[in-house]
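Worksheet: one structure, shown below.
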Amino acid sequence: LQLAPDGTKLAVGTEEPAISIADATTGKLLQTIRLPSKPLAVALAADGLRVAAVCRDGFVRTYDTSDPTVAEPAGWKLRVARSSQAGIAFSPDGTSVVSSSITRVTVADAATGRITHTFDRDWEDGPYQDVAFSPDGRFLATGSMGPAGGVVVWELATRGVVKRFTGNTGSAVRVGFLDRGRSLASLAADESVTVWDIAGRTGKPAPNANELRTAWDKLDHLDSAIGVAAAWTLVDGGTASVEMIRERLANAGATDARIQKLIADLDAADFRTRDAASKELVGLRERAIAAVTAAAEEHASSEVQLQAAEVLAKFNKLGVKVPDHGVYGESLRMLRSTLVLERIGTPEAVAVLRDLAKATGPAAIAAQKSLDRLAAKK
């Protein structure tokens with residue numbers, strides 16, 4: 001059973017098997033969609049015009065409900081693992097559908113059913129029970145079976161684990177975000193409810209200037225637990241964080257310029273200059289890997305190519321590489337900055353979001369979505 005986010009419709013999975021869609025105000029039955037297998041969980045899109053179900057036969061199915069008179073509405077189906085318990089949800093913007101089954105969470109394009117990415121369970125918890133998107137669509141949460149009721153929060157952009165909570169009073173059968181994604185509630189098998197602090201800042205004072213600088217330095221960390229925690233620290237920095245982000249983003253090109261200067265220094269006649277440049281490039285890790293790779297492959301100087309190849313060898317030894325999701329360095333820092341600016345939401349923060357939205361890439365898309373959400377609240 002699920003209520004549409006706009007409160008107009010209610011979807012119920014039945015034993016027939018079918019999905020019944022009713023008017024949430026009057027209870028009038030609007031539509032019945034017959035299914036080939038019993039639905040384990042159902043979800044309605046935010047606009048109430050699409051419904052999705054994960055079924056006992058191991059398929060996720062979606063249907064267009066815009067015309068309730070159509071006997072067999074259009075849709076798609078996607079094979080997932082068979083399960084006796086499962087969860088399903090539309091992203092807040094309606095572009096994705098996420099389902100959980102056994103040990104895997106699958107995110108698919110809501111229009112086509114194409115899998116965009118998956119999350120596999122790496123712990124000893126039992127099968128997934130439920131899955132939910134955060135209100136801004138940046139995070140996913142799951143609840144699973146087990147004596148401790150494992151609850152996990154992922155960052156969608158990096159596919160990384162932000163938090164894992166245990167210590168519930170039994171299997172976590174339902175999960176839901178609170179306070180616009182800052183905390184999470186889980187319902188245990190014994191019907192107790194636990195609220196988890198995702199931001200990790202409950203009871204802490206506003207961060208000082210040193211803490212804000214440290215948070216900025218960690219904002220592009222590939223470990224989602226570290227990078228997202230830094231974002232929440234900046235959120236609590238308020239006006240000071242907005243000013244810091246505005247200044248740092250205005251000078252974002254300075255890092256790229258510095259990397260190019262260091263690469264040029266790899267060709268210096270003085271050994272100490274070459275060595276210092278090499279060490280600094282290694283210290284920049286993912287931020288420098290693209291430029292160093294290009295230098296190793298195509299720089300005009302054979303000495304730079306040689307030195308850059310040695311830096312790449314050090315990266316390899318340290319396990320530094322371009323992540324599969326492709327978001328790292330300044331791009332990742334700007335992306336997480338949109339979370340900070342949206343949460344602060346002052347006119348000054350909105351102005352920085354507008355500047356970010358004028359660019360290209362994931363951060364620009366995220367900035368525009370942040371602006372749309374902020375505008376919808378007015």
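Summary of computed values
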quantity: Stokes-Einstein translational diffusion, the stretch 224-378 - Kirkwood Rh over all Cα pairs, 1.567 mPa s, 4 °C, in µm²/s; calculated: 76
quantity: Gap separating the Cα centres of the stretch 49-84 and the stretch 171-236, nearest whole Å; calculated: 33
quantity: Ellipsoid equivalent to the stretch 292-350 - semi-axes via the Cα gyration tensor, in Å; calculated: 36, 14, 8
quantity: Rel. contact order, % - alpha carbon contacts under 8 angstrom, at least six apart, the chain; calculated: 7
quantity: Long-range HN-HN contacts of residue 35 with modeled amide H, under 5 Å; calculated: 18, 19
quantity: Taking the C-alpha atoms of the stretch 2-96, convex hull volume expressed per residue in Å³; calculated: 88
quantity: The stretch 1-110: relative contact order in percent, alpha carbon pairs under 8 Å with at least 6 residues between; calculated: 19
quantity: Note, ³J(HN,Hα) from phi for the stretch 28-34, Karplus 6.51, -1.76, 1.60, rounded to Hz, x at Gly and Pro; calculated: 5, 6, 9, 6, 10, 10, 6
quantity: Derived scalar couplings ³J(HN,Hα) [the stretch 125-131; Karplus, 6.51 cos²θ - 1.76 cosθ + 1.60; whole Hz; x for Gly, Pro]; calculated: 4, x, x, 5, 9, 7, 8
quantity: Between 0 and 90°, nearest 10: helix 224-235 axis offset from the chain longest Cα axis; calculated: 90
quantity: Simple spin-label estimate for residue 318 and residue 46 in nanometres, 7 Å along Cα-Cβ; calculated: 3.9
quantity: Cα convex hull of the chain, projected area averaged across orientations, nm²; calculated: 21.9
quantity: Whole-number Å³ per residue for the convex hull built on Cα positions in the stretch 90-211; calculated: 118
quantity: FRET efficiency, residue 226 to residue 378 (Cβ-Cβ, R0 56 Å, nearest 0.05); calculated: 0.95
quantity: Per residue convex hull volume, Cα atoms of the stretch 63-133, in Å³; calculated: 103
quantity: Residues with amide H under 5 Å from that of residue 40, placed H, sequence gap 5 or more; calculated: 54, 55, 56
quantity: Packing-based order for 12-24, 190-202, 287-299, using average beta carbon neighbours within 10 Å, highest first; calculated: 287-299, 12-24, 190-202
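Here, each number is a calculation from the coordinates, and none is a lab measurement. Note that this is a predicted model, so its numbers are computed, not measured. With ideal geometry, Cβ positions are generated from the backbone for all residues, glycine too; neighbour counts draw on all protein chains shown.
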